[in-house]
1. Give the distance, in whole Å, between the Cα centre of region 122-136 and the Cα centre of region 8-47.
2. Where the only charges are on Cβ atoms (+1 Lys, Arg; -1 Asp, Glu), what is the dipole of the chain about its Cα centre, to the nearest 20 debye?
3. Once both axes come from the Cα atoms, what is the angle between helix 2-13 and the longest principal axis of the chain, in degrees from 0 to 90, rounded to 10?
4. Normalised by the residues of region 1-138, what does the relative contact order come to in percent, with Cα pairs under 8 Å and at least six apart?
5. Which residue, Arg114, Arg90, Arg53, has the most motion in a Gaussian network model of the chain that connects Cα atoms within less than 10 Å?
6. Order of 96-103, 2-9 by packing, highest average Cβ count within 10 Å first?
7. Please list, or write none, the aspartates and glutamates whose alpha carbon is within less than 15 Å of the alpha carbon of Lys99, excluding same-chain residues fewer than 8 places away.
Amino acid sequence: MEIALEEARIATEEGEVPVGAVSVMGDEIIARGHNLRESLNDPAAHAEMIVIRESAMRLGRWRLNDITLYVTIEPCAMCAGAIVLARIPRIVFGAKDPKGGGCGSVFQIVHEPRLNHRVEILAGIKDAECSMVLKDFFEERRNVFHSPNHLPQRGKVNMSLS
Ligand SMILES: [Zn+2]
């Protein structure tokens, strides 16, 4: 989860909503990544999607039935669906997402009895830190927009916290 948090912090520096993920097989990291929705202009470029795709590419197979996926925030409905499709047996996440979580908070995709795949969930790991990274990001962004020096502009605002 430390590595997923590191990825979330990299996302912050890039002006992306800070969500990080990492996939692990045994003791080995297969892939790590973070949300890239802004940089790729891709609504589906969530941290989990990036890591699931890269894991499959690295392992040379779509069936990821031997990896554990760590993610800082509860996966959304799309990512939970991809987790099921990739046959990932176990996910570990930090903070719950009461606004869009697909693993129990809003939707229950990974335990849907009509699907033939079940995912073991471990939730609440470093949840305070995981949600703090997000909270800091949105607070910083609000400050940028409310600052008297802020001029309205098109495109990306530099939201680096450094
Ligand atoms: Zn997602």
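Quick note: the coordinates plus some simple rules give every number you see, no bench work behind them. Keep in mind that what you see is a predicted model, and the values were worked out from it rather than measured. Because the Cβ atoms are built from the backbone with ideal geometry, glycine has one as well, and the counts that use them run over all protein chains shown.
1. Taking the Cα centre of each part, region 122-136 and region 8-47 sit 15 Å apart.
2. Using Cβ point charges on Lys, Arg, Asp and Glu, the chain gives about 520 debye.
3. So the helix axis and the longest Cα principal axis differ by about 30 degrees.
4. Reported relative contact order: 21 percent.
5. Taking springs between Cα atoms under 10 Å, the residue moving most is Arg114.
6. The peptides rank, most packed first, as 2-9, 96-103.
7. Partners found: Glu74.
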